[in-house]
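Since every read-out is calculated from the coordinates, none of them should be taken as a lab result. Model, not experiment: these values are computed from the prediction. Note that we place each Cβ from the backbone using ideal geometry, even for glycine, and neighbour counts take in every protein chain shown.
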Amino acid sequence: MSSTASKAAGRGGRTHRQTATGSGSHKHRYSRSQRKIIRLLITSWILGGLLFVVILVWIITSMKLSSLNGDLLLEQARTREQAQQNRQLQASNKQLRATIDRLEQEQAELVAGRIPRLRPLKFDVTIPIEQEYFRNINFTLTGTTHRRRYEYRVVMHNGGSANVEPDVTLFLFDELGIEVGKARLTSGGNDTEEEKNPLLPGETRSYSNEIRLDREATPKYFLVDVR
């Protein structure tokens, strides 16, 4: 009787231990599965957050690029418009310059037709004028912007066999052909007939002085009168 009770107690103990062991193993497997699920959820949340950030950055970047592209297109349109305006302005200036040149040429022809032997006034250039003993003339503009001086240098040469009494008058004219100043060169020098000094055969002589203007004007032409 006692032996039977002991066996029954032994079987009961083993059954209890087996039940406890099975329950612990089941709890352990459940705990590992739960941790995996939690890790997967956390990973999903992180990936979802990163994806959201990437999408947000992409949207913001796209908006900025779209805005920059719009600004660039607007600037290009403005540049093309400005270039077109510049071309039109250059064409207008060119046409205006051509018109001014034509009018100046017509005016110069009218003035030259009214006053024979009139020449354009040029500075720092030797202008040859072969009239009897007169050889060339050079004009120089000196002074200041408020007080301009028109100086000249004349070269004469006597290629004959007899003495020559130089008598030359230089005239200055404005753009309308109105006389604004003159200077006379004689054998006595500039603007004088004293102390006659004839030009000897084979002699070359130069005269330098200033042509004083009779009024405030800008000379455009000159004329040489050799007697």
Check your understanding: What residue among Thr145, Ser208, Tyr221 has its Cα farthest toward the positive end of the dipole of segment 90-227, where the charges are +1 on Lys, Arg and -1 on Asp, Glu, each on the Cβ?
Key -> Thr145
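Counting other beta carbons within 10 Å of each Cβ, put Thr142, Thr169 in order, fewest first.
On the way: Thr142 11, Thr169 15.
Ranked by crowding around the Cβ, least crowded first: Thr142, Thr169.
Please give the length that would be gained between Arg184 and Ser44 if that part of the chain were fully extended, namely 0.36 nm times their separation in residues minus their C-alpha to C-alpha distance (nm, one decimal).
Working: separation 140, 0.36 × 140 = 50.40 nm, distance 10.96 nm.
This chain segment gains 39.4 nm when fully extended.
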Revision key, fill the gap. For 126-133, 74-81, ranked highest to lowest by mean beta-carbon neighbours within 10 Å, the order is 126-133, 74-81
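With contacts defined as alpha carbon pairs under 8 Å and 6 or more residues apart, what's the relative contact order of segment 128-227 in percent? Don't skip to the end; give the middle numbers.
Working: 223 pairs, mean separation 31.1, N = 100.
It rounds to 31 percent for segment 128-227.
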Exercise for review: Under 15 Å from the Cβ of Val226, count the other residues' Cβ atoms, weight Lys and Arg +1, Asp and Glu -1, and hand me the total.
Suggested key: +2
Practice item. Would you mind counting up the charge near Gly160? Only other residues with Cβ under 13 Å from its Cβ, with Lys and Arg at +1 and Asp and Glu at -1. Key: -3
Check your understanding: Between Ala98 and Ser208, what FRET efficiency comes out of the Förster formula 1/(1 + (r/R0)^6) with R0 = 35 Å and r the beta carbon distance, rounded to 0.05?
Key -> 0.35
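What does the charge dipole of segment 38-97 about its Cα centre add up to, to the nearest 20 debye, if the Cβ of each Lys and Arg holds +1 and the Cβ of each Asp and Glu holds -1?
Values: 7 positive and 3 negative charges, 61 e Å.
I would put it at about 300 debye.
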Check your understanding: Local charge sum around Leu72 (other residues, Cβ-Cβ under 13 Å, Lys/Arg +1, Asp/Glu -1)?
Key -> +1
